[in-house]
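The structure appears below as structure tokens.
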There are 2 protein chains.
Amino acid sequence: MRIGILGTGHVGRALAGAWCAAGHEVLIGSRAPDEAPPHDTGVRIVATADAVATADVVVNATPGTASVALLASVGAPALAGKVLLDVGVGFTETGDLSHLGESLGEELQRTFPATPVVKTLCTIDRLVMVAPDSLEGPSTVFLSGDDPTAKQTVRGLLHDLGWPPDSLLDLGGITTARGQEHFSLLFIGIAEGLGSYRFGLRVVKLSEEHAAGAAP
Amino acid sequence: MRIGILGTGHVGRALAGAWCAAGHEVLIGSRAPDEAPPHDTGVRIVATADAVATADVVVNATPGTASVALLASVGAPALAGKVLLDVGVGFTETGDLSHLGESLGEELQRTFPATPVVKTLCTIDRLVMVAPDSLEGPSTVFLSGDDPTAKQTVRGLLHDLGWPPDSLLDLGGITTARGQEHFSLLFIGIAEGLGSYRFGLRVVKLSEEHAAGAAP
């Protein structure tokens with residue numbers, strides 16, 4: 001699969017390296033394509049438009065407050081028909097919410113209606129995103145999006161990062177991206193409490209004994 | 001311990017029954033103290049002020065949008081020196097945030113400075129609150145608050161509900177209540193995805209192998 005990653009920060013580089021190692025063709029798009037590419041990978045950094053042009057899947061790993069403007073500069077026609085895997089969080093740097101009552105994922109889907117948006121991975125640190133088996137047990141990754149085919153594509157890419165099928169929880173349509181993005185506040189609290197950003201979140205279900213005949 | 005629970009809804013009743021069964025003296029406070037008490041428990045429903053008057057610990061299990069006004073009607077002097085265990089969530093019924101950029105927990109602490117507030121339990125369903133072993137594995141409960149002694153009291157009460165010490169994660173001061181409350185959006189998404197409100201959240205740490213020498 002051809003993947004164009006927007007964002008040259010730690011998240012974009014970690015994902016690029018992992019998908020490249022899994023055999024995908026990965027380009028990182030940047031407004032400054034002469035910056036140094038990730039170490040020890042075959043990933044190249046190119047102009048934003050070039051990373052999008054050849055991609056089947058575009059990954060938004062830019063700061064959430066800049067994402068809409070950046071993608072608008074690429075333009076809706078260039079994005080049409082491609083899957084947009086959105087890892088961004090719509091919070092400002094001051095900790096305030098920049099997308100009150102909604103989410104960056106929803107805003108992207110509304111702005112680019114011909115581009116199916118799938119929000120995922122924004123509840124975990126980049127080092128966990130690409131190494132789920134570094135944790136002491138199984139954890140959960142969430143998916144939000146309106147397009148089932150796009151979600152299936154994203155499931156495959158998550159599998160390539162090491163996430164087994166039963167670790168993925170489909171929350172529903174793109175409006176549920178709100179919950180994933182608002183989790184960043186609890187993420188920060190947990191990281192402070194643990195003294196580490198490297199943790200996962202596992203949804204623990206009712207035991208079989210209790211689930212039998214239980215009301216929802 | 002003497003516990004005064006404010007809120008006669010499902011959450012208040014579930015907690016009242018469980019703490020009563022653990023041997024505490026529990027009163028539920030209500031503006032309509034003639035309503036029927038919880039079944040099969042020794043818990044009585046009394047006037048709000050009476051439930052507060054004799055309590056060591058006051059539990060706020062009222063709707064988050066009504067909590068500040070209700071506690072203000074009780075009055076800061078009546079609450080002074082008591083621990084306020086706050087289970088409320090500061091969201092309106094329409095799903096909007098009523099406490100943007102902060103949390104109900106912080107607002108309560110600011111409004112009642114002589115009453116140490118501890119936010120906990122608001123990330124899980126009432127049936128899980130009082131039966132953590134109904135889940136298929138261990139899960140995590142969070143604490144936020146500025147007063148270490150009050151937190152210790154709350155830890156004891158959580159233990160009495162069945163939460164072992166290693167299931168409790170102290171996030172830090174009361175400002176971290178924000179993360180717990182904002183989680184309610186992801187809670188709803190997970191519940192939709194699972195088809196059940198009865199689930200827990202486990203913070204999964206790095207494996208020992210990976211934690212050794214890892215950067216935070």
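The values are calculated or read from the model by the stated rules, or taken from the named source; none is laboratory data. In this text, all values refer to a predicted model and were calculated from it rather than measured experimentally. Cβ: placed from backbone, ideal geometry, glycine included. Neighbour counts: every protein chain shown.
The residue pairs whose first member lies in region B:11-22 and is closer than 20 Å to B:PRO63 by Cβ, whose second member is part of a helix (DSSP H, G or I), and whose beta carbons are closer than 8 Å, counting only pairs six or more residues apart or on different chains, are B:VAL11/B:ARG126; B:VAL11/B:MET129; B:ALA14/B:ARG126; B:ALA14/B:LEU127; B:ALA14/B:MET129; B:LEU15/B:ARG126; B:LEU15/B:MET129.
Can you tell me which residues in region A:1-25 are farther than 21 Å from A:ALA66 by Cβ and in a strand (DSSP E or B)?
First pass over region A:1-25, keeping only residues farther than 21 Å from A:ALA66 by Cβ: A:1-2, A:17-25.
Matches in region A:1-25: A:ARG2, A:GLU25.
When the criteria are applied in full, B:ARG198 fails the requirement of being modelled with pLDDT under 95, at the interface with chain A (Cβ under 8 Å from one of its Cβ atoms) and out of contact with any Gly (no Cβ under 7 Å at 6 or more places or on another chain). Please verify whether region B:194-212 includes one or more residues that are farther than 29 Å from A:GLY172 by Cα and hydrophobic (A, V, I, L, M, F, W, C). Yes - at least one qualifying residue is present in region B:194-212. For region B:49-80, the tally of residues that are closer than 10 Å to B:GLY7 by Cβ and among the polar types (S, T, N, Q) stands at 3. Kindly indicate whether any position in region A:178-194 is at pLDDT below 95, within 7 Å of chain B (Cβ to nearest Cβ), out of contact with any Cys (no Cβ under 8 Å at 6 or more places or on another chain) and surrounded by fewer than 19 Cβ atoms within 10 Å (Cβ to Cβ). Yes, there is a match, as at least one residue in region A:178-194 is at pLDDT below 95, within 7 Å of chain B (Cβ to nearest Cβ), out of contact with any Cys (no Cβ under 8 Å at 6 or more places or on another chain) and surrounded by fewer than 19 Cβ atoms within 10 Å (Cβ to Cβ).
For region A:206-214, the criterion of being surrounded by fewer than 17 Cβ atoms within 10 Å (Cβ to Cβ), facing another protein chain (nearest Cβ under 7 Å), free of Cβ contacts under 8 Å to residues at least 40 places away in the same chain and not in a helix (DSSP H, G or I) is met by at least one residue. If I filter region A:68-84 for residues that are buried (at least 19 other Cβ atoms within 10 Å of the Cβ), out of contact with any Ser or Thr (no Cβ under 9 Å at 6 or more places or on another chain) and modelled with pLDDT of 95 or more, do I get at least one hit? Checking region A:68-84: not a single residue is buried (at least 19 other Cβ atoms within 10 Å of the Cβ), out of contact with any Ser or Thr (no Cβ under 9 Å at 6 or more places or on another chain) and modelled with pLDDT of 95 or more.
Candidates in region A:103-149 are the residues that are in contact with a Ser or Thr (Cβ under 9 Å, 6 or more places away or on another chain), more than 12 Å from chain B (Cβ to nearest Cβ) and of a type in the set (A, V, I, L, M, F, W, C); of these, the one that is nearest to A:ASP170 (Cα to Cα) is A:VAL118.
One residue stands out among those in region B:100-122 that are among the hydroxyl-bearing types (Ser, Thr, Tyr) and either surrounded by 24 or more Cβ atoms within 10 Å (Cβ to Cβ) or in a strand (DSSP E or B) (or both): the one that is nearest to the chain's Cα centre (by Cα), which is B:THR120.
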